[in-house]
Amino acid sequence: MQLIDNFNFAGKKAIVRVDFNVPLNKETGEVSDDTRIRGALPTIKKIIADGGCAILMSHMGRPKQNPDPKYSLKQIVPAIEKYLGTIQFCDDCMKAEAQAKALKPGEILLLENLRFYAEEEGKPRMEKDEPGYDEAKKALKNAQKDFAKKLASYADVYVNDAFGTAHRKHGSTAVIADYFDENNKMFGFLINSELKAMDKVLNEAQKPFTAIMGGAKVSDKIMIIENLLDRVDNLIIGGGMTYTFIKAQGGKIGNSLCEDDKLDLAKEVLAKAAAKGVKVYIPTDAVNADKFDKDANTNISKTNETPDGWMGLDIADETIKTYSNVIANSKTVLWNGPMGVFEFDKFAKGTSAVAQAVAKATQENGAFTLIGGGDSVAAINKNKLADKVSYVSTGGGAMLEYMEGKVLPGIAAIRGDK
Ligand code: AMP
C-alpha cells in the first residue's frame, strides 16, 4: 500500500477527498466550527510543499438538487483561505477539466459540493417504497462509476482523507479508487492517524483494557460490545441502555428508557461476558427525573429500585466513584457514548466525571485513551479535555463500524481489507 509519508507529489495533481462537512452559522453563513478543515491541513500542506497541486472535493449537508446555494461549498472558501492562502473554486464538480488542467504547482482548487449529484451517494432521491426505486438505484450504480471516473480524470493521484465518510461506498470515497493503480492512491494523514489509534486499541491494547459504552440504546451498541468482549477486561455500561440491562436482571426501572425486545440480548451479553471473564459494570445508583426536561425535579435511587413515575437520566455518586476507579487503573480505554442526558446540566455530572477519569488515566497512568462518537466527543470538548486524552476520533459512524469489526468501503478501496 502506498503511504503518503514517502510519496513525492512534485509535478503531480492530487485529487483529495476531504471532509469539509462543516457547520455554518445560520445568520452569517460563516463556518462556525472549522475542526474538519484543520483536520485536512497536514495532507494538503504536504502536497503543496512537495510541489504538487491539490484538487479538493467534499460533500456538505444533504442537498436534494443541483445547484443548492444553501449547501454550496463556496461559502467555506474564506475559512479555507485563512489557512492556505488564495484558492480557486469550481462551481460544478463535473465540469472541472479546464480548471484542473490549468493548475500550477502549489495551487489549490476546491470543487463544488459532490452531493449536488445523486451519483455521489448512488442513492435515488425518492422514497424506498416509491415505484421505480429499484430500477433507479440500479441505473445510478452505473452512473456512479462514470461520475467517479470523471473525478479521477482530473488528477494523477487519489488521496482519501475523509474519515467521517469512510463507511460509505460513495463515488468519491470508494468507487474512484478503481481508477488509480496501487502506487497512486493512498490515505491522507488524518485517516492514517484514525486507523493507527483504532488498530492500537483493537489489536495492541495494553491491559487492563476498559471499554465504556454509553448512549441511548443497546441496539445501537450491541455489535461493538460483542466485538470487544474478546478483547476487554472491563465493560462499563452507562446511559439509557443501562435500564435494559437492569430490567433484564429483574430490577424496577420506573419510566426509564428500555428496549423491551432486547432484554434477552442483554442477558446474552452478560452471559457471554461472564464466560469470557470480562467484568461488566452496570450503574448501581442514578439521578432520576420526574420528566424528560432540563428543569425536571430530581431524586437519587438504586438503579434497580427506580420509583414509579421517575426515569434515570444520569449515573449518581456511588457509580461515579466505582467507574472513576476502574478507568483510572486502566492502561487502555475506549469510550463511546455519554453516561446520561448530558445535554441537560442537571444530568451532565456522570458524563463529566467519566471524561475527567479518562483524562486522568491518560495523564497519570500512561493509558492510551480513544474517544469516539459524536456525543462523547462533545462531552470531552465541553469539559475542555480534548488535549488531555490520547485520541479523539473525527468519525462517529465510521469509527463505530470499524470497531464493530466491519470492513469500511473507503478503507478497503485503498488498503484492500476483506
Ligand atoms: P448515542 O447517540 O446512542 O450515543 O446516544 C446519545 C444520547 O443518549 C444523548 O443524546 C443522551 O441524551 C442520551 N441518553 C443518555 N443517557 C440517557 C438516559 N439515561 N435516558 C435517556 N437518554 C439518554
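The values are calculated or read from the model by the stated rules, or taken from the named source; none is laboratory data. Just so we're clear, the structure is a prediction, and the values are computed from it rather than from any experiment. Ideal geometry is used to build each Cβ from the backbone, glycine not excepted, and the neighbour counts take in all protein chains shown. SASA here: full protein model, heavy atoms, side chains in, ligands and nucleic acids out. Shrake-Rupley method; radii C 1.70, N 1.55, O 1.52, S 1.80 Å.
Data table
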| quantity | calculated |
| --- | --- |
| Qualifying positions in region 276-331 - hydrophobic (A, V, I, L, M, F, W, C), farther than 17 Å from Lys252 by Cα and in contact with a Leu (Cβ under 9 Å, 6 or more places away or on another chain) | Val278, Val280, Phe292, Ala296 |
| Condition met for Ala216 (touching a Gly at 6+ places or on another chain (Cβ under 6 Å), of a type in the set (A, V, I, L, M) and open to solvent by 10 Å² or more (accessible area, probe 1.4 Å)) | yes |
| Hits in region 163-189 (condition: assigned to a strand (DSSP E or B) and under 28 Å from Lys331 (Cβ atoms)) | Phe187 |
| Segments classed as helices (runs of 4 or more DSSP H), wholly inside region 27-144, with at least 3 members that are at pLDDT 95 or above and under 18 Å from Ala155 (Cβ atoms) | 35-50, 97-102 |
| Segments classed as strands (runs of 3 or more DSSP E), wholly inside region 190-300, with at least 1 members that are more than 14 Å from the ligand (Cβ to nearest atom) and out of contact with any helix residue (DSSP H, G or I) (no Cβ under 7 Å at 6 or more places or on another chain) | 209-213, 279-281 |
| Subset tally (residues that are under 30 Å from Ala10 (Cβ atoms) and either open to solvent by 80 Å² or more (accessible area, probe 1.4 Å) or out of contact with any Leu (no Cβ under 7 Å at 6 or more places or on another chain) (or both)) for region 112-130 | 1 |
| Ser352 being within 26 Å of Lys207 (Cβ to Cβ), open to solvent by 30 Å² or more (accessible area, probe 1.4 Å), in the same structural domain as Ser219 (by TED's automatic domain parsing) and not β-branched (Val, Ile, Thr) | no |
| Out of Ile380, Ile371, sole residue that is open to solvent by less than 50 Å² (accessible area, probe 1.4 Å), within 16 Å of the ligand (Cβ to nearest atom) and either over 25 Å from Asp230 (Cα atoms) or of a type in the set (Phe, Trp, Tyr) (or both) | Ile380 |
| Every residue from region 301-346 that is of a type in the set (A, V, I, L, M), open to solvent by 20 Å² or more (accessible area, probe 1.4 Å) and near the ligand (Cβ under 10 Å from one of its atoms) | Met311, Val341 |
